[in-house]
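Participant: Following this message is one structure expressed as structure tokens.
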Amino acid sequence: MKSNVTLFLADDHTILREGLKLIIEDVPEYSVVGEAGDGKEALELIEKHKPDVAILDISMPTMSGIDLVRYLKKYVPDTKIIILSRHDNEEYVKE
């Protein structure tokens with residue numbers, strides 16, 4: 001029996017979310033349980049669905065990916081986090 005890994009996608013670029021979703025859902029063990037285009041919506045839906053993994057953009061409207069990570073680590077600690085960024089600013093990496 002294969003385990004099912006649930007994922008949540010948060011990025012303000014719809015085309016990126018759709019592309020990631022197509023790639024992820026091509027793997028039978030993975031399923032996308034939700035997606036959001038801004039940080040606050042992502043927060044609400046991640047709290048609701050409690051996915052195994054949240055894939056987050058670092059720069060989103062209403063709440064940054066960095067702020068979202070801080071909250072999730074405290075209140076939804078079982079969800080693993082992957083951060084996506086096009087930024088090469090060293091300060092983002094340190095955060």
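Participant: Please list the non-local residues whose amide H lies under 5 Å from the amide H of residue 5, H modeled 1.01 Å from N, same-chain partners needing a gap of 5 or more.
Facilitator: Those qualifying (amide H under 5 Å, at least 5 residues apart or on another chain) are 30, 31.
Participant: Here is a follow-up. Sum up the lysine pairs in the chain that clear both bars: alpha-carbon distance under 16 Å and a spacing of 8 or more or different chains.
Facilitator: 10
Participant: State in Å² the accessible area per residue of the stretch 6-72; use a 1.4 Å probe, count heavy atoms of protein chains only, and round to the nearest integer. List each step's numbers first, then the result.
Facilitator: Numbers: 3370 Å² over 67 residues.
For the stretch 6-72, the solvent-accessible area averages 50 Å² per residue.
Participant: Further question on the same structure: Extension gain residue 48-residue 29, at 0.36 nm per residue separation less the Cα-Cα distance, in nm?
Facilitator: On the way: separation 19, 0.36 × 19 = 6.84 nm, distance 2.11 nm.
Full-extension gain reported as 4.7 nm.
Participant: Using each residue's phi in the stretch 50-65, evaluate 6.51 cos²θ - 1.76 cosθ + 1.60 at θ = phi - 60° and report the 3J(HN,Hα) Karplus result to the nearest Hz, with x for Gly and Pro.
Facilitator: For the stretch 50-65, the Karplus-derived couplings read 6, x, 5, 9, 10, 9, 10, 6, 6, 10, 9, x, 6, 6, 6, x Hz, x marking Gly and Pro.
Participant: May I ask you to list the residues of the stretch 12-47 whose amide nitrogen lies under 18 Å from a point 7 Å from Cα along the Cα→beta-carbon direction of residue 74?
Facilitator: 39-47
Participant: Given the chain reduced to its alpha-carbon atoms as identical point scatterers, what log10 I(q)/I(0) does the Debye formula return at q = 0.12, 0.14 Å⁻¹?
Facilitator: Here the Debye-derived log intensity ratios amount to -0.35, -0.47.
Participant: Compute, for the stretch 10-84, the length of the dipole vector about the Cα centre, with Cβ point charges of +1 (Lys, Arg) and -1 (Asp, Glu) only. Units Debye, rounded to 20.
Facilitator: Value, rounded to 20: 360 debye.
The values are calculated or read from the model by the stated rules, or taken from the named source; none is laboratory data. All of these numbers come straight from a predicted model, not from anything done at the bench. Virtual Cβ from ideal backbone geometry, glycine too; neighbours counted across all protein chains shown. Accessible surface is based on the protein model in full, side chains and every heavy atom, while ligands, DNA and RNA are left aside. Shrake-Rupley method; radii C 1.70, N 1.55, O 1.52, S 1.80 Å.
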